[in-house]
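Student: I'd like to ask some things about the structure below.
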Ligand code: ATP
Ligand code: MG
């Protein structure tokens, strides 16, 4: 057996070396599915001489894709640009090449949820809807549901009939689509939807991609929705060399349209499919596997399978019922410290706290923060949701796509430029009447003449800055561009002038964002590539919550059960095992939903390698209300053989004094620990360090003049129009340069 395959067990080996025809690897948690898939890719490249670019491997999170890429590289070397990515990134990549066929500019922008909300709000205002009935989130979820089912706005309009709430929703959907189109924007659902549309409408394009992707692989197949499934089926159309990997017990995205039937009916969709089951779990101890099995076994709609493990039984699973949620957090903090003291090989990053909803993180943040216990939260787009970061992203988007009206509206008066609501409305009206985008309108005399003199100057400056940077974007590094932006827009200075703690915090975030850029630039330069604004923004658009997770930082991971898919930790805590929280209230009235919650419980439990702790709180404060709770029914499903701690259900009153934790006193103070955040604070530089270089702003330059550019050397001007010079450089061809930005001098 080949060396790198020798670690695989017999079934895994079979799966890794079965390359042609449809293959389903159906297996339980921690049985090496993802690992088998990476070995299979290596086998195809090394042994079968398959061109790496003929392979498409898709998964669900950027993190999972990154890990897969890393593991493949370790096994068979690096192939830059290999198609190992998420569904969304693969589609984005395809659309960047083909979007013009669907009537979009290829430089379309991708709207995230915050942008989508802004669009929804604009629609609500225009249609004068009652936001209590038609909340942005509601409108967006209806639109998303329709898109996931490939129902267009016009189809939905027909379905909706001529009156009632659906009629209104259909109008919203129609307007939403118009707004996105006119901003040359796509949302996340569109990425997949438009790719499917592209393939359906243009058979020649489809066949080109079918030819390219001769071998297709999908990890976490149980969570594909109808569109993703369609996409895969279209691509696998001719060769049927498709290998999907999944576990029906881990389908946790039905609420987002994932269809468990996709995995259950694979054999029907791809006749002659081989099925390989992996039954040995390599991740967890016997007790963890058995306990998880005793829970999932209660689901009816599942393929029966049972995992076994060669590992020891290990410790039993511990359950703790705390008095309230505060105490639950303290209990967990104390446990972490105790386990670390007892076993010095454990580091903070071996611990994860997995909860049902994001709001549960707050208690842990408070408690861990006060104890100095290092942690990282993976909830939503925390950092990128901050106002100042959002603003900077909008500026950067405008540079990429000056037509992006939504972004312009957001930063028009950020920092304050004296362009208030009334002026904004005027700009919008002028734009509408003339068929201009907002930036064009803002720079027009009709608008400028109506502004106060200060606002006028500011508006001209804003328009010029965007235009100049748009010209310069490919001549400068992203970090230089970002600095220039901070400087030219006056954003940074406005914050510094405020001299408030809050503004200082914002400055810190803005500077912190520079490290995001620097990090990406470093990665690119190591791969001998240059980071462009476009690729940088693309990377960001696809950051999902899981991607803020830095597995190398030594801190406890706090995340939702959903985000934990595919990951593993030595010690796992699952707090909030309470009726109504987990399973959630919403799931309890529908049997199917309860089964999905149970699968989520199974996913959580099977993340643990060595120790698993479950807990609940008798009193819980949630959404500002404190309530008594009862324990989650999932607790009673765990076979008591594998469980210790407060007995579940049969012991209503426990002896509070006997084993009450006193975590603060037990906590072995870690005074010398300096959090990474504190370290960053100490090292930070201020805005004043941003230095502007000499330019030709205000200098008369004519065709034929010689100029010297800091980077490109000496060249001859062949065109000089307003602020833009076209220069032919001796060494590096023709460039468009902004006079007021490019580091140029006359020679
Ligand atoms: P999940 O269902 O959670 O996605 P999975 O089936 O994809 O899990 P992997 O993440 O590939 O499982 O592997 C789980 C763990 O088992 C990893 O730590 C991996 O290194 C280990 N493992 C897998 N196969 C073997 C093997 N043949 N020998 C030893 N360890 C293995
Ligand atoms: Mg996996």
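What follows draws every value from the coordinates through simple rules; no lab data is involved. What you see is a predicted model, and the numbers here were worked out from it, not measured in a lab. Here Cβ is always computed from backbone atoms with ideal geometry, including for glycine, and neighbour counts include all displayed protein chains.
Student: Normalised by the residues of the chain, what does the relative contact order come to in percent, with Cα pairs under 8 Å and at least six apart? Numbers along the way, then the final one.
Tutor: Values: 1162 pairs, mean separation 118.4, N = 747.
Relative contact order of the chain: 16 percent.
Student: Let me ask another. Using only the alpha-carbon atoms of the stretch 87-176 as identical scatterers, what base-10 log of I(q)/I(0) does the Debye formula give at q = 0.20, 0.22, 0.25, 0.26 Å⁻¹?
Tutor: Log10 I(q)/I(0), no solvent term: -1.02, -1.14, -1.27, -1.31.
Student: On a full-extension model of 0.36 nm per residue, what is the gain between residue 347 and residue 97, subtracting their alpha-carbon distance, rounded to one decimal in nm? Before the final figure, lay out each step's value.
Tutor: Values: separation 250, 0.36 × 250 = 90.00 nm, distance 4.50 nm.
Using 0.36 nm per residue and subtracting the Cα-Cα distance, I get 85.5 nm.
Student: What do you get when you divide the Cα radius of gyration of the stretch 371-494 by 2.2 N^0.38 Å, with N the number of residues?
Tutor: Details: Rg = 16.4 Å, N = 124, 2.2 N^0.38 = 13.7 Å.
Compactness ratio reported: 1.19.
Student: Tell me, what is the FRET efficiency for residue 163 and residue 445 to the nearest 0.05, using R0 = 45 angstrom and their Cβ-Cβ distance as r?
Tutor: 0.50
Student: Moving to a separate point now. Can you tell me the Rg and Dmax of the chain, counting just the alpha carbons, in angstroms?
Tutor: 28.3, 91
Student: Shape verdict for the stretch 243-355, please, from the Cα gyration tensor: rounded (a/c under 1.5), prolate (a/b greater than b/c) or oblate.
Tutor: prolate
Student: Right, here's the next one. How long is the gain from residue 621 to residue 182 if the chain were fully straight, where each residue apart is worth 0.36 nm and the alpha carbon distance is subtracted?
Tutor: Working: separation 439, 0.36 × 439 = 158.04 nm, distance 4.47 nm.
Once the chain is fully extended between residue 621 and residue 182, it gains 153.6 nm.
Student: At residue 529 and residue 454, where each label point lies 7 Å from the Cα along Cα→Cβ, what is the point-to-point distance in nanometres?
Tutor: Simple spin-label model gives 4.5 nm for this pair.
Student: Let me ask another. List the extent of the Cα atoms of the stretch 173-314 along each of their three principal axes, largest first, rounded to whole Å.
Tutor: Answer, in whole Å and largest first: 60, 36, 25 Å.
Student: For residue 308 and residue 46 in one chain, what is 0.36 nm times their gap in residues minus the Cα-Cα distance, to one decimal in nm?
Tutor: Answer, rounded to one decimal: 91.2 nm.
Student: Roughly what would the spin-label model give for residue 637 and residue 204, points 7 Å off Cα along C-beta, in nm?
Tutor: 5.3
Student: Still on this structure: Along Cα→Cβ, 7 Å out, is where each label goes; now give me the distance between the ones at residue 269 and residue 700 in nm to one decimal.
Tutor: 7.0
Student: Taking square-rooted eigenvalues a ≥ b ≥ c of the alpha carbon gyration tensor, is the stretch 391-441 rounded, prolate or oblate, where a/c under 1.5 means rounded and, failing that, a/b exceeding b/c means prolate?
Tutor: Details: a/c = 2.93, a/b = 1.18, b/c = 2.48.
Oblate shape, in that a/c is at least 1.5 and b/c is the bigger or equal ratio.
Student: Something else about it: Can you tell me the 0 to 90 degree angle between the C-alpha axis of helix 226-235 and the longest principal axis of the chain, rounded to 10?
Tutor: 80
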